[in-house]
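Chemist: Okay, handing you the structure first.
The values are calculated or read from the model by the stated rules, or taken from the named source; none is laboratory data. What you are looking at is a predicted structure, and each value in this text was computed from that prediction instead of being measured. Every residue, glycine as well, gets a Cβ built from its backbone with ideal geometry; the counts of neighbours run over all protein chains shown. All accessible areas refer to the heavy atoms of the entire protein, side chains included, with ligands and DNA or RNA removed. Shrake-Rupley method; radii C 1.70, N 1.55, O 1.52, S 1.80 Å.
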Amino acid sequence: MTEGPRQRGTALAAPERAASGSGVALKKDIGLMSACGIIVGNIIGSGIFVSPKGVLENASSVGMALVVWIVTGIITAVGALCYAELGVTIPRSGGDYSYVKDIFGGLAGFLRLWIAVLVIYPTNQAVIALTFANYVLQPLFPTCLPPKSGLHLLAAVCLLLLTWVNCYSVRWATRVQDVFTTGKLLALGLIIIMGLVQICKGEYYWLEPAHAFQSFQNYDVGLIALAFLQGSFAYGGWNFLNYVTEELVDPYRNLPRAIFISIPLVTFVYVFANIAYVTAMSPQELLASNAVAVTFGEKLLGVMSWIMPISVALSTFGGVNGSLFTSSRLFFAGAREGHLPRLLAMIHVERCTPIPALLITCVSTLLMLCTSDMYTLINYVGFINYLFYGVTVAGQIVLRIKAPDMPRPIKVSLAWPVTYLLFWAFLLIFSLYSEPVVCGIGLAIMLSGVPIYLLGVYWENKPWRFNAFVDKWTRAGQKICMVVYPAEECKKQEDGEGTAQGKTLLSKNTKGEKEGTAAEP
């Protein structure tokens, strides 16, 4: 993995000083609109277009499904509020990884990073890229499925193109996100408008209370819990803006503003898109469709039905871009804290983009495209991903107790994290009850990171030959990618004195572990 802080400054001291002298640092290029684009673009992927039937299937009725979408949106907003406080209290890129590490110690943070690096991001990005390729190629193969090799090739091209854009310029990457987020919102707006037209025509049979709650199977608490879990996964991505806090313009204002704008907008879109679907399809038709928006378009758009597949393709293209952008910052943050190879903590001397982290993100995703079990892996680690959401929010309460005087530009009532944790516990208990084997395998994958942590991070006094080998390859990577460490002076200005005080209070949790950042000389 990496060496400890005592070894870290030896081989690369000169490049670090050069970086500090030249003021190389991550640029604050993400304004309020781009921040909203990151949240909305990462939450709204292909799911709302392709398969909202998971919620309906477990909710057992149209009315209960709509309740699930609304309540899940409210709970997501509560979780986002908690993350907003953490984001401005610990204003560093890395999101929940940085918060868990600072509050609960290095091992807990590393396990969060391990599961994300190993499975969550590579598999999610691969699936979204394959969905993009499928909807682009489908019109060329109207009577059969597109060839698997073609799908994988186009998905790889999509990943390579967007990785290049993200390496070239932060501004370009955010502009791509803005454009494609606007496109998917326009497509969903078209669906909602068509739904309203249907209602005006009197097509609202399944929205009348007498019919909306008419169940097609018996209501079951376990199934409803699974419906909420499906809904929570559909809202996944709401915390991604916290991964790029250091690149936000005025994060103390724009982080909460972006959350207040984006989460209600997504909730509105999700609820009214599902309302629109049931104005044109019965629950049985919706459950039988593998691409709800496409079926909806075929019923109402006629010769213009091609708009829906194109909308899904555009949506997933923007989703891949947003995921690459944010996940690379997680890798960058992990490397800076000494939990990943230190080369990943470096940025380009001119473009100020984390090129090594982006390249590793791309390579790991391309490798996932070559596997046949990535959907199974997503099922295994989905439980763990949601588990860490609750751990992070619990950390907010722990931080209030351990560091009550720590400066908090945003301070929410403790009723919000408690509410979120109650909902979170409800979902996790029923997940364990319904799928104990899947959850157990997910926990085993996460715990496989413990020996990696002990050998790669906790063991500081590694043999000098190993350190020399790592230094050699790090230097080679620097030359190839033209990268250096971000300027420490810039970091200090961004973090502020309040954060430094918080770090001092929190350092007791990780005594004896690597706490120096990768920018230290």
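Chemist: Note the full-extension length gain between L160 and V349 as 0.36 nm times their separation in residues minus their Cα-Cα distance, in nm to one decimal.
Modeler: Answer, rounded to one decimal: 65.9 nm.
Chemist: May I pose another question? Can you bin every Cα-Cα distance in the chain into 20 Å intervals starting at zero and give me the percent of pairs per bin, rounded to whole numbers?
Modeler: Taking all Cα pairs of the chain, the binned fractions are 22, 56, 20, 2 percent.
Chemist: Compare the Cα positions of I347, F325, G63 along the charge dipole of the chain (+1 at Cβ of Lys, Arg; -1 at Cβ of Asp, Glu; about the Cα centre) and return the one farthest towards the positive end.
Modeler: Highest projection toward the positive end goes to I347.
Chemist: Turning to a different aspect of this structure: Amide H to amide H under 5 Å from D220: which residues, 5+ apart in sequence or cross-chain, H placed 1.01 Å off N in plane?
Modeler: Those lying under 5 Å, H to H, from D220: there are none.
Chemist: Just grab the label-to-label distance for V437 and L145, each label 7 Å out from Cα along the Cβ direction, in nm (one decimal).
Modeler: Once both label points are built, they end up 2.3 nm from each other.
Chemist: In debye, nearest 20: dipole of region 151-287 around its Cα centre with unit charges on the Cβ of K, R (+) and D, E (-)?
Modeler: 340 debye
Chemist: Mind checking the per residue accessible area of the chain for me, 1.4 Å probe, whole number of Å²?
Modeler: 40 Å²
Chemist: Moving on. What ranking of R408, R253, R465 comes out by heavy-atom accessible area, probe 1.4 Å, highest first?
Modeler: R465, R253, R408
Chemist: Okay, helix-only estimate at 222 nm for the chain: each DSSP H run of n ≥ 4 adds -39500 (n - 2.57), divide by all residues, round to 500 deg cm²/dmol; what do you get?
Modeler: It comes out at -23000 deg cm²/dmol, rounded to the nearest 500.
Chemist: Using a 10 Å cut-off on Cβ atoms, rank the peptides 385-394, 311-320, 110-119 from the highest mean neighbour count down.
Modeler: 311-320, 110-119, 385-394
Chemist: Using a 1.4 Å probe on the protein heavy atoms, what percent of the accessible area of the chain belongs to carbon and sulfur?
Modeler: 68 percent
Chemist: So, one more: Using only the heavy atoms of the protein chains and a 1.4 Å probe, how would F296, F383, F233 rank by accessible area, largest first?
Modeler: I get F233, F383, F296, largest accessible area first.
Chemist: Farthest toward the dipole's positive end in the chain, which of L287, Q198, W464, given Cβ charges of +1 (Lys, Arg) and -1 (Asp, Glu) about the Cα centre?
Modeler: W464
Chemist: Going from most exposed to least, what order do Y433, Y135 have by accessible area with a 1.4 Å probe?
Modeler: Listed by decreasing accessible area, they come as Y433, Y135.
Chemist: Farthest toward the dipole's positive end in the chain, which of G440, L137, I397, given Cβ charges of +1 (Lys, Arg) and -1 (Asp, Glu) about the Cα centre?
Modeler: I397
Chemist: Determine the gain in length on full extension of the stretch Q284-K479; use 0.36 nm per residue of separation and subtract their C-alpha separation, reporting nm with one decimal.
Modeler: 64.3 nm
Chemist: Are there DSSP H segments in the chain that both extend 15 Å or more along their axis (alpha-carbon positions) and score a mean Kyte-Doolittle hydropathy of at least -0.5? List them, or say none.
Modeler: Correct list, ordered by number: 32-43, 62-89, 121-137, 148-168, 170-200, 221-234, 251-280, 307-336, 355-369, 374-402, 415-434, 436-447.
Chemist: Quote the accessible area belonging to Y219 in square angstrom, nearest 10, computed with a 1.4 Å probe and with ligands, DNA and RNA left uncounted.
Modeler: Rounded to the nearest 10, the figure is 100 Å².
Chemist: Follow-up. Treating only the Cβ of Lys, Arg, Asp and Glu as charged (+1, +1, -1, -1), what charge dipole size does the chain show about its Cα centre? Round to the nearest 20 debye.
Modeler: Around 1080 debye, computed over the chain.
Chemist: Separate question: At q = 0.16, 0.17, 0.26, 0.32 Å⁻¹, what log₁₀ I(q)/I(0) does region 285-338 have when each alpha carbon counts as one equal point scatterer in the Debye sum?
Modeler: Taken in order of the listed q values, log10 I(q)/I(0) reads -0.61, -0.64, -0.94, -1.09.
Chemist: Working out 0.36 nm times the residue gap between M33 and Y219, then minus their Cα-Cα distance, what length gain in nm do you get to one decimal?
Modeler: 62.8 nm
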